[in-house]
Amino acid sequence: MRFVTIEPAAHLITFIDSPSVEAALRTAGLNSDVDHGFLSKTVGIFIDEFGMFAEPDHQDYFAIDGHLFAGPALLYAFDQQGETKDMPNTRLEPAFLHGREEVEAAIANEKVTRPQMLVNGDVIWQWPQPAPFA
């Protein structure tokens, strides 16, 4: 299966072949503490579940379509039935950002939306605050 890894610290985007999602996650530098989301109707993303809560000046970030992500990531493609398939040879152009100042500048220039958590419409956390839980 073909996947894409994003390594923001090295500003690298790499297509990899891996026998499974689990093996691809290890190659991407991710462990079992991952979060999952979607970049489009056919592309999913795995990221470090707690990456946004790391000390901002010691974290590397990337942004795709105005969304901020922390640390390394694994991208995969899927079909209409939700089955994982090979990532196509699409051109990805994330913006790589290092630390608080670069992220804040991207937010101020409206290139990135400030990440936040909401419960019933109330903001309970926003970047770069510490984690809202112990």
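Quick notes on this structure:
- The single condition among (1) more than 24 Å from Asn31 (Cα to Cα); (2) modelled with pLDDT under 95; (3) in contact with a helix residue (DSSP H, G or I) (Cβ under 6 Å, 6 or more places away or on another chain) that Ala131 does not meet is (1).
- Flag for His67 being within 17 Å of Arg114 (Cα to Cα) and surrounded by 15 or more Cβ atoms within 10 Å (Cβ to Cβ): no
- Region 74-132: number of residues that are assigned to a helix (DSSP H, G or I) and touching a Leu at 6+ places or on another chain (Cβ under 9 Å): 4
- As a summary of the residue check, Lys85 satisfies the conditions (1) touching a residue at least 40 places away in the same chain (Cβ under 8 Å); (2) over 15 Å from the mean Cα position of the chain (by Cα); (3) surrounded by 14 or more Cβ atoms within 10 Å (Cβ to Cβ) except for the one numbered (3).
- From the options Leu75, Leu118, residue that is in contact (Cβ under 8 Å) with a residue 60 or more places away in the chain and touching a strand residue (DSSP E or B) at 6+ places or on another chain (Cβ under 9 Å): Leu75
- Cβ pairs under 6 Å, 6+ apart, first in region 122-134 and free of Cβ contacts under 8 Å to residues at least 40 places away in the same chain and aromatic (Phe, Trp, Tyr), second surrounded by 10 or more Cβ atoms within 10 Å (Cβ to Cβ) and in a loop (DSSP other than H, G, I, E, B): Trp125/Pro132
- Selection within region 1-48 - exposed (fewer than 12 other Cβ atoms within 10 Å of the Cβ), farther than 19 Å from Pro94 by Cα, small (Gly, Ala, Ser) and free of Cβ contacts under 8 Å to residues at least 12 places away in the same chain: Ser32
- Output for region 58-116, where each listed residue is of a type in the set (A, V, I, L, M) and in contact with a helix residue (DSSP H, G or I) (Cβ under 6 Å, 6 or more places away or on another chain): Ala70, Leu74, Leu97, Val112
- Checking each residue in region 101-134 for being of a type in the set (A, V, I, L, M) and in contact with a His (Cβ under 7 Å, 6 or more places away or on another chain) picks out no residue at all.
The values are calculated or read from the model by the stated rules, or taken from the named source; none is laboratory data. Just so we're clear, the structure is a prediction, and the values are computed from it rather than from any experiment. Every residue, glycine as well, gets a Cβ built from its backbone with ideal geometry; the counts of neighbours run over all protein chains shown.
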